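Novice: Pasting in a structure now, in structure tokens, and then I'll have a few things to ask.
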């Protein structure tokens with residue numbers, strides 16, 4: 001028996017797969033998943049889930065499988081999490097431990113993806129080597145055009161095709177054609193290409209045993225650590241049941257934000273490319289860098305704020321809609337929230353093929369303001385963590401004579417960091433779902 005309507009999901013990353021698993025509880029919605037790569041291979045290493053997005057993973061039933069891959073268990077109440085150290089000197093200063101209401105759950109990104117795939121219903125079709133290049137909206141639905149020359153049809157397209165989204169390009173050109181002024185059309189078209197954030201990251205996975213041999217009591221073996229210094233950050237935390245340390249080093253040049261990045265956006269590099277930047281940092285940072293092999297460099301690009309995530313029966317999800325800097329560890333969580341709300345509005349009993357466009361506008365109204373606020377908070381968090389806020393904080397602390405004065409100066413930074421991050425554990429998606437349901441009932 002035919003379903004209410006057919007949904008196509010383009011992109012089998014976190015947002016696309018969470019959308020698919022979330023939609024699987026609606027037996028009357030047909031779902032096809034299209035992935036551009038020839039096989040599923042999620043790019044990246046570590047990813048973390050804060051209490052707010054973790055609730056989604058519980059709701060869609062993948063939490064227990066994910067917990068088998070990490071020693072961390074969800075807790076309620078105050079939970080110590082990230083340790084902050086000012087590390088750009090011979091001796092580090094530990095000045096803050098971020099305490100959350102609930103647990104931060106560290107995960108291995110490819111493992112996360114594999115768990116989601118295992119939870120797809122057997123009747124779902126996951127098509128690989130199907131890279132979306134464009135789509136055509138017709139009165140009867142959406143025609144998807146793929147790189148190999150083939151096409152597919154659907155009633156609703158959820159485009160989760162990443163930072164360099166072809167769907168976003170088509171989407172914004174579509175909206176620009178309908179714009180009432182040249183100025184508005186130009187503004188829409190200016191959002192097609194991602195923009196460089198001024199950040200470059202160097203990522204690697206370090207075997208925990210290797211770090212333990214070099215530094216048996218290293219904090220990153222047991223904790224989430226953020227080593228902070230002027231124009232740089234080094235992050236380390238255990239994943240994969242503590243057998244691997246996720247390592248990320250950031251180099252910031254915020255004066256170049258918005259300018260073209262010269263070079264490949266991602267590629268393998270030699271450790272020497274970034275090691276000299278941190279050569280004067282504290283010994284714990286040196287130990288991490290000494291353990292790094294085969295790092296990859298990533299120039300962090302973001303998406304300008306879009307005026308909508310929806311055009312007709314097409315909706316953007318995840319990085320295609322709001323790629324952000326990783327400084328609040330929330331890109332994956334926000335992608336999951338997009339997916340969950342999109343599935344909720346499409347699965348609502350009042351939604352059908354004829355009014356699916358209205359349902360997608362509910363998704364946009366609920367998700368876009370929140371996601372774009374997190375984008376801005378993540379951007380500002382990068383300034384805090386690289387000691388670019390408050391202005392001259394690094395030099396100020398270095399010139400203070402006593403440790404008490406240094407800690408007092410750093411406390412302002414810590415307070416702002418906590419305040420801007422509290423949404424990740426003090427709010428839930430329940431209110432957003434309720435608001436979406438209320439809007440849908442007005443159809």
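Novice: Looking only at segment 369-393, count how many residues are in a helix (DSSP H, G or I) and either at pLDDT 95 or above or surrounded by fewer than 18 Cβ atoms within 10 Å (Cβ to Cβ) (or both).
Specialist: 17
Novice: Looking at segment 226-236, is at least one residue exposed (fewer than 14 other Cβ atoms within 10 Å of the Cβ) and on the phi < 0 side of the Ramachandran plot?
Specialist: Within segment 226-236, not a single residue is exposed (fewer than 14 other Cβ atoms within 10 Å of the Cβ) and on the phi < 0 side of the Ramachandran plot.
Novice: Let me confirm something: among 186, 193, which residue is at negative phi and within 26 Å of the chain's Cα centre (by Cα)?
Specialist: 193
Novice: Here is a list: 107, 158, 188, 132. Which entry is surrounded by 16 or more Cβ atoms within 10 Å (Cβ to Cβ), touching a strand residue (DSSP E or B) at 6+ places or on another chain (Cβ under 6 Å), touching a residue at least 12 places away in the same chain (Cβ under 8 Å) and over 20 Å from residue 7 (Cα atoms)?
Specialist: It is 107.
Novice: Still on this model: Take residue 47 and decide whether it is modelled with pLDDT under 95, buried (at least 19 other Cβ atoms within 10 Å of the Cβ) and not assigned by TED's automatic domain parsing to the domain that holds residue 339.
Specialist: yes
Novice: Moving on. For segment 248-326, give me every one of the helices (runs of 4 or more DSSP H) that falls completely inside it and has 2 or more residues that are touching a strand residue (DSSP E or B) at 6+ places or on another chain (Cβ under 6 Å), modelled with pLDDT under 95 and surrounded by 22 or more Cβ atoms within 10 Å (Cβ to Cβ).
Specialist: It comes to none.
Novice: Looking at residue 19, is it assigned by TED's automatic domain parsing to the domain that holds residue 158, crowded, with 16+ Cβ neighbours inside 10 Å and farther than 28 Å from residue 228 by Cα?
Specialist: Numbers: assigned by TED's automatic domain parsing to the domain that holds residue 158: yes; crowded, with 16+ Cβ neighbours inside 10 Å: yes; farther than 28 Å from residue 228 by Cα: yes.
So residue 19 passes the test.
Novice: Taking the condition of being out of contact with any strand residue (DSSP E or B) (no Cβ under 7 Å at 6 or more places or on another chain) and within 19 Å of residue 60 (Cβ to Cβ), how many residues in segment 327-348 meet it?
Specialist: 14
Novice: Based on what the data block shows, is residue 146 more than 30 Å from residue 352 (Cα to Cα) and touching a strand residue (DSSP E or B) at 6+ places or on another chain (Cβ under 8 Å)?
Specialist: In short, no.
Novice: Oh, and also: Please note which strands (runs of 3 or more DSSP E) are completely contained in segment 1-110 and include at least 2 residues that are within 30 Å of residue 354 (Cβ to Cβ).
Specialist: The qualifying strands (runs of 3 or more DSSP E) are 5-10, 29-34.
Novice: Something else about it: Hey, can you tell me all the residues within segment 238-247 that are farther than 16 Å from residue 290 by Cα and assigned to a strand (DSSP E or B)?
Specialist: Quick first cut of segment 238-247, residues farther than 16 Å from residue 290 by Cα only: 238-243.
Scanning segment 238-247 gives 238, 239.
Novice: Please work out if residue 219 is touching a residue at least 60 places away in the same chain (Cβ under 8 Å) and within 24 Å of the chain's Cα centre (by Cα). Please lay out each step first, then the result.
Specialist: Numbers: touching a residue at least 60 places away in the same chain (Cβ under 8 Å): yes; within 24 Å of the chain's Cα centre (by Cα): no.
For residue 219, the condition - touching a residue at least 60 places away in the same chain (Cβ under 8 Å) and within 24 Å of the chain's Cα centre (by Cα) - is not met.
The values are calculated or read from the model by the stated rules, or taken from the named source; none is laboratory data. Not measured: the values here are computed from a predicted model. Methodologically, a virtual Cβ is constructed for each residue, glycine included, from the backbone with ideal geometry; neighbour enumeration extends over all protein chains shown.
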